[in-house]
C-alpha cells in the first residue's frame with residue numbers, strides 16, 4: 001500500500017526520530033545557507049537570506065527569510081499542523097519566482113520544528129497565545145522592512161490561525177490568502193467521513209468498510225474516529241499529496257540530512273513537536289466555525305484549495321467564500337492537488353500567490 005500525506009509524514013518523522021525562558025535573537029551563520037545568486041554566481045545585491053531565532057511572547061522561535069529584493073512586499077507564511085513546519089523543505093518547494101516577488105518569511109511556531117522546547121506547558125499552547133505571537137511577529141517584520149502592512153498566508157491550521165488573527169487585529173495585513181481552509185471542524189470531518197465511506201463501498205474494500213462500521217456513528221470530537229477517517233482519506237487519495245511520488249522526494253531529502261535549515265537534533269525533535277502541539281491545540285479547535293464566527297472581513301481575503309483535498313473539502317470552502325463579506329475575495333482551485341497545496345503543487349501555489357498580490361496592489 002502506498003503511504004502518502006499525514007500517514008507518511010508520521011512514518012517519516014518517527015523514523016527520523018529513531019535515527020537520529022526569554023531568548024534573544026540569534027542568527028544561524030549565513031555561510032551555511034543557500035544564498036540568492038545572480039548570473040555571475042555572486043549574491044544578488046539587496047537580497048536577503050536570514051535564519052534566526054526571535055523572541056515572541058517570551059519564547060524563542062525561528063524564522064527563515066528569503067527574498068531577491070528586500071524592498072519587495074513581505075509575505076508571512078503560517079505553517080499547518082499544528083506542529084507541521086514547512087521550513088525543512090523550503091528549497092524543494094519554494095520557486096525562485098516567489099522570492100522575486102516577495103520577501104518570504106517562514107516561521108516555526110512555538111513548539112514546532114526548530115522552535116520545539118520541552119519546557120513549554122499547556123498554557124504556552126493556548127490558541128490566543130499563537131495569535132499574540134502572530135501579531136508580534138507581524139509587527140517585527142513591518143518595522144524591520146519599513147512596510148506599513150504585509151501579506152499573510154496560512155496553510156490548514158495556519159489558515160485557521162490567520163483567521164483568528166484577523167478577528168483580533170487585521171491592521172498589519174494588506175490581504176490574507178487562506179490555503180486548505182477547514183471552515184467548520186464538525187462539518188469538514190463529517191464530509192470527509194462520508195467520502196471515505198462512499199469510496200470504500202465503491203472499491204468494495206471490505207477491510208475499510210469493516211473499520212468504518214466499527215466507528216459509526218462517526219463523532220468529529222473523538223480523536224480515534226478522526227484518526228481512522230484521516231488514514232482512510234490518505235489510502236483513497238484524498239489526503240495531503242495527490243501527486244504520485246511527491247512525498248517520497250521530500251522524505252528522502254530530510255532523511256538524508258540535505259536540508260540546510262535543520263540540524264540533526266532538530267529533525268529528531270520534529271515528531272515531538274507535532275505530538276506536543278497537536279495534543280494541546282486540537283482539543284481547543286473543536287468548535288471552530290468560520291460561518292458563524294467570522295462572517296465579515298475588513299481586508300481582502302482569498303482562498304486556494306486542492307481539487308482532490310478531502311481533509312478540508314472544497315465544497316465547504318466554496319460555501320464560505322460565497323457567504324463571506326469582504327472588500328475582495330476569490331477562490332482558486334488547483335487541479336490534481338491534495339491538501340498540502342504548497343508541497344504538492346509548488347509552482348501553482350506560488351503563481352497564485354503572486355497573481356493575488358498583483359491584483360491587490362492595483363486596487
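Observations, loosely collected:
- Residue check, residue 148 surrounded by fewer than 22 Cβ atoms within 10 Å (Cβ to Cβ), in contact with a helix residue (DSSP H, G or I) (Cβ under 9 Å, 6 or more places away or on another chain), more than 13 Å from residue 103 (Cβ to Cβ) and at pLDDT 95 or above: yes
- Scanning region 331-357 for residues that are surrounded by fewer than 19 Cβ atoms within 10 Å (Cβ to Cβ) and over 22 Å from residue 157 (Cβ atoms) yields 335, 336, 347, 351, 354, 355.
- Filtered residues of region 88-125 (kept if outside any helix (DSSP H, G or I), surrounded by fewer than 20 Cβ atoms within 10 Å (Cβ to Cβ) and under 18 Å from the mean Cα position of the chain (by Cα)): 95
- Of the residues screened, residue 276 is not one that is surrounded by 16 or more Cβ atoms within 10 Å (Cβ to Cβ), under 25 Å from residue 110 (Cβ atoms) and touching a strand residue (DSSP E or B) at 6+ places or on another chain (Cβ under 9 Å).
- Just one of the listed residues (336, 287, 309, 252) is modelled with pLDDT under 95 and either outside any helix (DSSP H, G or I) or more than 24 Å from residue 195 (Cβ to Cβ) (or both), and it is 252.
- Matching option when the condition is farther than 30 Å from residue 357 by Cβ and either modelled with pLDDT under 95 or surrounded by 19 or more Cβ atoms within 10 Å (Cβ to Cβ) (or both), among 166, 228, 161: 228
The values are calculated or read from the model by the stated rules, or taken from the named source; none is laboratory data. Owing to the predicted nature of the structure, the values given are computational and were not obtained by experimental measurement. Using ideal geometry, Cβ is built from the backbone for each residue, glycine included, and neighbour counts are taken over all protein chains shown.
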